[in-house]
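These notes are about the structure you will find just below.
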Amino acid sequence: MTLTTLFLLLLAGPAAPPVLPSPAAPSPSPRHTLLVLPLEATGGSTEPWIGEAVADQLPRSLTQLGVPAVSRAERLQAQAALEIPDVPLSRATSVRVAEALGATRLVTGTYAVEGPRITLALRLLDVERATLSAPLISSGPLEGLMDVIDRLAWDVALAGPTPPAQSREVLLARRPKVSFDVFKAYARGLAARDPKARATLLRSALAAAPGFDAVRVALGRLLLEQREFSAASQALARVPPASPLAREAAFVRGVALLEMGRYREASRVYSSLAQVEPTPGALNNYALAVLRDPVPNSLKASDILRQALALDPESVDLGFNLAWALLAEDDPAGAAFHLKNLTQVVPLDKHTRVVLAWALRRAGREQEADRQWQAVIALAPVYASLMAPDLSRRFERIQRSERPFELARESRSDTEVAAALYMKAQRLFDGGDAATALAEATRAGYLDPYNRSIHLLLARLHRARGDGEKALNEFRMALWSADDADVRVEVAGLLREMGRPAEARSEAARALALAPGNEAARKLAETPQ
């Protein structure tokens, strides 16, 4: 199917539902293999827009040459999700971003401006082998920067495992013909930190070169970030079907349509994209459009999401969305099955716990639902008002990128996660922050309910906050795991503070029975009423 056909499908009305490949047909799509980082300045002149220009154009040119490359927008999404600011990255942080995106090679380098000329020097880092290539260098007039970048793209492609998909001449010919001033304004817009300044520069470049589609896509993404969904949709809809950026523009526009509640239009966009190439992101968003559309559809969102999971079986977001769709389609048992598996992967994900409790309750498994709801309250007390199932909450997860991307998945067991939370809570308690420590210890206690140390810490935290009854309960849990004279002394002291001297002496006597030489227990046992 050509891009022209794709756009005709987008403009067409909803005819018969599209027939997608069967769930068994697709094989997992290859992850991105190459990540381009902004270049750093070397020498006297520093022009931040140059580094951003390379980080934006080089991946696009590589993709046209048949080299799978992470786009600048996807890299920034990954950094934001990993809470890494858009600043020059260290080698270790760069590798972390590459691993999160499934990239196997990094492109790093420098630029140098000397009068009217510019020199770019790139090196390829093999993430798995930790080997660095010899420099790839290209230079030329600063006003010919786009040509310099594309020459380097050809060199990078030649250094890869497969030859470029097209000639250098074809690559240069397909590039948009824009002036250097327009390209510089666009790159300065990418580099601008202030969103208003970024929008102003991008609009200026677009006014000067309406056919420069990279500007339209960048502006559309910016408007989407600013929640100006209608404006984003309008900007992206103007990218023509023959543009190399047509698919990217359509995908991002579909996100804006979903956010605006225009589900029928979003469904047409993503079903057409999925027919051309069924990527996890396109299938995920297509399923959400089908699920949210109030008009009945012969397709089930859950069936589409199963196809997405066949392409990216480890995706937490796809797994959660499948469970959500099953619950909405009145299959609570199926939803509970998938959600219980997810709790083993992301044990601290609050939405997963909430929806699991809902699914169990709808499936008639009340006791399990009650236990899960206790977990919700332990992990996120602010969710107490969500006990009744409410599928209008829109917990579904829209994908901003077509390609698989997840944060590092939780590979530790519940016990290991609980141990980390316990250590964090103990440090907070030692530092005088009992309130935050209590929240962390409570989460640890849910994940590892038979851990004596956690119960002891909870008891001491409750005691420090003046809640004697809760402290006593936690002390009893700790003593149930293992009797201990020192703990009984603590209980005796707490009971005396609560005005219950007889019980205090009884606890002290039990401590003496365990450790006859315990002086603290003896003093408490002999203290008169």
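The values are calculated or read from the model by the stated rules, or taken from the named source; none is laboratory data. Note that this is a predicted model, so its numbers are computed, not measured. Neighbour counts run over all protein chains shown; Cβ positions are idealised from the backbone, glycine included.
General observations
- Of the numbered criteria (1) surrounded by 19 or more Cβ atoms within 10 Å (Cβ to Cβ); (2) assigned to a helix (DSSP H, G or I), the one ALA333 fails is (1).
- The range 433-449: number of residues that are assigned to a helix (DSSP H, G or I) and among the charged types (D, E, K, R): 2
- ALA100 being of a type in the set (A, V, I, L, M, F, W, C), surrounded by fewer than 17 Cβ atoms within 10 Å (Cβ to Cβ), assigned to a helix (DSSP H, G or I) and in the same structural domain as PRO163 (by TED's automatic domain parsing): no
- Candidates GLU402, GLU410, GLU396, GLU406: the one that is at pLDDT 85 or above and either surrounded by 16 or more Cβ atoms within 10 Å (Cβ to Cβ) or out of contact with any strand residue (DSSP E or B) (no Cβ under 7 Å at 6 or more places or on another chain) (or both) is GLU396.
- Scanning the range 103-116 for residues that are closer than 12 Å to GLU47 by Cα and either hydroxyl-bearing (Ser, Thr, Tyr) or in a loop (DSSP other than H, G, I, E, B) (or both) returns THR110, TYR111.
- All positions within the range 105-125 that are of a type outside the set (A, V, I, L, M) and surrounded by fewer than 18 Cβ atoms within 10 Å (Cβ to Cβ): THR110, GLU114, GLY115, PRO116, ARG117, THR119, ARG123
- Taken together, the criteria place VAL316 among residues that are in contact with an Asp or Glu (Cβ under 8 Å, 6 or more places away or on another chain) and touching a residue at least 24 places away in the same chain (Cβ under 8 Å).
- For VAL355, the test of being under 24 Å from the mean Cα position of the chain (by Cα), outside the structural domain of THR436 (by TED's automatic domain parsing), in a helix (DSSP H, G or I) and within 22 Å of ILE454 (Cβ to Cβ) is failed.
- Matching option when the condition is surrounded by 23 or more Cβ atoms within 10 Å (Cβ to Cβ), under 27 Å from GLN79 (Cβ atoms) and within 18 Å of the chain's Cα centre (by Cα), among LEU342, LEU318, LEU309, LEU322: LEU318
- Every pair of residues 6+ apart whose Cβ atoms lie under 7 Å, when the first sits in the range 372-398 and is in the same structural domain as PRO332 (by TED's automatic domain parsing) and more than 19 Å from ALA336 (Cβ to Cβ) while the second is among the basic types (Lys, Arg) and part of a helix (DSSP H, G or I): ALA378/ARG443; ALA380/LYS350
- Any hit, the range 477-485, residues being among the aromatic types (Phe, Trp, Tyr), surrounded by fewer than 13 Cβ atoms within 10 Å (Cβ to Cβ) and touching a residue at least 24 places away in the same chain (Cβ under 8 Å): no
- Tabulated pairs, the range 341-363, first farther than 14 Å from GLU396 by Cβ, second assigned to a helix (DSSP H, G or I) and among the basic types (Lys, Arg), C-beta under 8 angstrom, 6+ apart or interchain: THR343/ARG353; LEU348/ARG443; LEU356/LYS340
- Taking residues in the range 75-97 that are touching a residue at least 60 places away in the same chain (Cβ under 8 Å) and under 18 Å from PRO59 (Cβ atoms), and partners anywhere that are buried (at least 17 other Cβ atoms within 10 Å of the Cβ) and among the β-branched types (Val, Ile, Thr), the pairs with Cβ atoms closer than 6 Å and at least 6 places apart or on different chains are ALA78/VAL97.
- Selected residue (criterion: nearest to VAL178 (Cα to Cα)) from residues of the range 47-77 that are aliphatic (A, V, I, L, M) and surrounded by fewer than 22 Cβ atoms within 10 Å (Cβ to Cβ): ALA73
- Counted residues, the range 477-489 - those being closer than 15 Å to ALA525 by Cα and touching an Asp or Glu at 6+ places or on another chain (Cβ under 9 Å): 2
- Pair list, Cβ < 8 Å and 6+ apart or interchain, from the range 208-232 residues that are without any contact (Cβ under 8 Å) to a residue 40 or more places away in the chain to residues that are of a type in the set (Lys, Arg): ARG216/ARG238; LEU219/ARG203; GLY220/ARG253; LEU222/ARG198; ALA232/ARG221; ALA232/ARG253
- Checking ASP370 against (1) in a helix (DSSP H, G or I); (2) crowded, with 19+ Cβ neighbours inside 10 Å, the condition it does not meet: (2)
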